[in-house]
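*Asks:* Following this message is one structure expressed as structure tokens.
The values are calculated or read from the model by the stated rules, or taken from the named source; none is laboratory data. These numbers come from a predicted model, not from an experiment. Quick reminder, even Gly has a Cβ in these numbers, built from the backbone with ideal geometry, and neighbours come from all protein chains shown. What goes into the accessible areas is simple: the full protein's heavy atoms, side chains included, and nothing from ligands, DNA or RNA. Shrake-Rupley method; radii C 1.70, N 1.55, O 1.52, S 1.80 Å.
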Amino acid sequence: LYPLPNGRDFGDGTAEYVVDSIDRSREDYVTGKLDAILSGRLRISGRYTFDSGNSSDPDPFRIWAFAGVSRYHFAQTEAHYVQSANTVHTFRAGVSRVLNLETARVSDGVPASMSFIPGQPLGAIQVTGLSDLGGSKARLRPQRYVLNDFQFNHELISVRGSHTLRLGGGYDRVQFNPITDVNAAGFYRFSSVASFLQGQPQSGDLMLPGSSTARGWRQNQFSAFLQDDYRAGSRLSVAFGARFETYSTPAEVNGLVATLPDPLHDATTTVGGPLFRNPSRKNVAPRLSLAWDPAGSGRTVIRAGAGIFFDLLGTRELIVPGAQVPPFFERVAPVSPGFPNLLEAAQGATPPNTLDALDFYPNQPYVMQFQLNVERQLGSALVAQLGYAGSRGIHLPMYLGDVNPARPEVLADGQLFFPEGAPRLNPAFERIGMLRTQANSFHHSFLAGVRRSWRNGVQFQAKYTWAKTIDDASNGI
């Protein structure tokens, strides 16, 4: 499988192989919009967008052909109806379909007899001291994600004197169909070039035949809001309101749901039932903002605002934790397996009791945002600005690689000692990866700027921003 070297000789039995590689990509995009005025009160519009992309990323050893495909369809209709001089209704309906597919096709020149698992193409190989054969692109494919979203919402705006009322609601029906296979064709790891030449792998890894990561998740999302824009006078305007957002717990169309409600005490996964306890039933998010001219001169304006914004638990959290949970998914990693029949080497091996799950009792993630801005007109054409914006994220999702570590001993000085071979906190399982809602984020930023108007419509502006962000899990998902 490895080609002969054509570059430098490193003097240790290995040498360099140099090859030109061409990555190809193509994208086709089309969009169209139609507007129609049916009467003095009714106006409708429709929009459709299609985006298709293809990419090829050849393997430098010419063993695999890695490809990616993306397809996006977006369709939206909108109707504006003027009920009266003070009241306007807006109705919207839309549908979107997103497909992402990543494949790894083995070259026709590789015989089927080199397969590690009967019926599967050649798997990946890792050798310490050499470049990987296949790497993660061969190990983690095929990957397929299909997301359908059907959206309906209504908004009403009504002007009543100094009040402008806005209210509405929406409904989304989400269908998410992922495939997230890992080592479906098998994977061998060799500790050295010598062990590779002798056909003596250190370990193997494969997703057992009969396991499946294909899932069909279905979820409903609901929202409603109410807002009042109140002009208290020529110097003060205030907007206040609230938004309610809730969703159903994702359900799998074929009942392929397995959970671990108590990771420290459960002896096995629980099949069926809800994927998690829904934390969204009280998701009421208040919002408040104001604009104030303290002197009444029109030269100074103070703007401030604050609000809570909820992050819905949905398709993003289901890519791995929703699929790689036994008994529907089994993966084994035999030590010193025979080569090259990995499936035969794994026969009789007990699958390690490891899993990647979603916390059964999640908290509701949300972010608090707030800002304060002061603008002052200096002279006839110069405006200065000074402001602050910040946010605080609470209960944000983060992935923990193992929530079931070994049980430590507490030494006399209070330190923790982990003896070799110590039992885990839950001896019924080995590694338990888990997506939990326990991360935090903090953001603070200060803004200073000036804006100067010149003749003939020319304008100059300069801004400076200083910001600091701290969080627990930037790369957690």
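*Asks:* Kirkwood-based Rg over Rh for region 393-477 (C-alpha set), two decimals?
*Replies:* 1.40
*Asks:* Need the full-extension length gain, residue 226 to residue 26, defined as separation in residues times 0.36 nm minus the C-alpha distance. One decimal, nm.
*Replies:* Stretched fully, the residue 226-residue 26 segment lengthens by 67.6 nm.
*Asks:* Sequence gap at least 6, Cα distance under 8 Å: using those rules, report the relative contact order of region 1-159 to the nearest whole percent.
*Replies:* 19 percent
*Asks:* Dividing the Cα convex hull volume of region 212-285 by residue count, how many Å³ per residue is that?
*Replies:* Value for region 212-285: 140 Å³ per residue.
*Asks:* Could you work out the mean projected area of the convex hull around the alpha carbons of region 124-184, in square nanometres to one decimal?
*Replies:* 8.0 nm²
*Asks:* Leaving out ligands and nucleic acids, and using a 1.4 Å probe, what accessible area per residue does the chain come to in Å²?
*Replies:* Ligands and nucleic acids excluded, the result is 55 Å² per residue.
*Asks:* Please report, in cubic angstrom per residue, the volume enclosed by the convex hull of the alpha-carbon atoms of region 58-179.
*Replies:* 166 Å³
*Asks:* Per-residue ellipticity at 222 nm for the chain, helices alone: DSSP H runs ≥ 4 residues times -39500 (n - 2.57), over residue total, nearest 500 deg cm²/dmol?
*Replies:* Rounded to the nearest 500, the figure is -500 deg cm²/dmol.
*Asks:* What ranking do 175-182, 459-466 get when scored by the average of other Cβ atoms within 10 Å per residue, highest first?
*Replies:* 175-182, 459-466
*Asks:* For the chain, give the percent of accessible area contributed by carbon and sulfur heavy atoms, probe 1.4 Å, rounded to a whole number.
*Replies:* Summing carbon and sulfur atoms, their accessible area is 56 percent of the total for the chain.
*Asks:* Taking Rh as the Kirkwood radius computed over C-alpha pairs, what is the Stokes-Einstein D of region 262-316 at 4 °C in a medium of viscosity 1.567 mPa s, expressed in µm² per second?
*Replies:* 78 µm²/s
*Asks:* Quick check on packing: order 4-16, 271-283 by the mean number of other C-beta atoms within 10 Å, highest mean leading.
*Replies:* 271-283, 4-16
*Asks:* Taking the Cα atoms of region 240-332 alone, what are Rg (to one decimal) and Dmax (as a whole number) in Å?
*Replies:* 22.5, 74
*Asks:* Okay, moving on. Please list 207, 368 in order of solvent-accessible area, largest first, computed with a 1.4 Å probe with all protein chains present.
*Replies:* Solvent-accessible surface, decreasing: 368, 207.
*Asks:* Between residue 300 and residue 86, with labels modelled 7 Å along Cα→Cβ, what's the label distance in nm to one decimal, could you check?
*Replies:* 3.6 nm
*Asks:* From the gyration tensor of the Cα coordinates in the chain, what semi-axes in whole Å does the equivalent ellipsoid have, largest first, with each one equal to sqrt(5λ)?
*Replies:* 52, 29, 27
*Asks:* Can you say what percent of the DSSP beta bridges in the chain, counting only those with both residues inside, are antiparallel? Round to 5.
*Replies:* Antiparallel: roughly 95 percent of the beta bridges in the chain.
*Asks:* Counting pairs of alpha carbon atoms under 8 Å apart in space and at least six apart in sequence, what relative contact order in percent does the chain give?
*Replies:* 9 percent
*Asks:* Consider just the alpha-carbon atoms of region 157-269 and return their Rg together with their Dmax, both in angstrom.
*Replies:* 27.7, 87
*Asks:* Using the C-alpha atoms of region 1-100, what convex hull volume per residue, in cubic angstrom, is computed?
*Replies:* Hull volume normalised by residue count: 137 Å³.
*Asks:* Round to the nearest 0.05 the FRET efficiency obtained for residue 166 and residue 336 when R0 = 51 Å and r is the Cβ-Cβ distance.
*Replies:* Once the sixth-power term is evaluated, E becomes 0.15.
*Asks:* For a Förster distance of 22 Å, can you work out the FRET efficiency between the beta-carbons of residue 292 and residue 392, rounded to the nearest 0.05?
*Replies:* Calculated value: 0.35.
*Asks:* Measuring from label point to label point, each 7 Å out along Cα→Cβ, what is the residue 194 to residue 146 span in nm?
*Replies:* Once both label points are built, they end up 5.2 nm from each other.
*Asks:* If each of residue 380 and residue 128 carries a label point 7 Å out from its Cα toward its Cβ, how far apart are those two points in nm?
*Replies:* Reported label-point gap for residue 380 and residue 128 is 7.9 nm.
*Asks:* Right, another one. Length gain on complete extension for the stretch residue 62 to residue 418, per 0.36 nm per residue less the alpha carbon to alpha carbon distance?
*Replies:* Gain on extension, residue 62 to residue 418, equals 123.6 nm.
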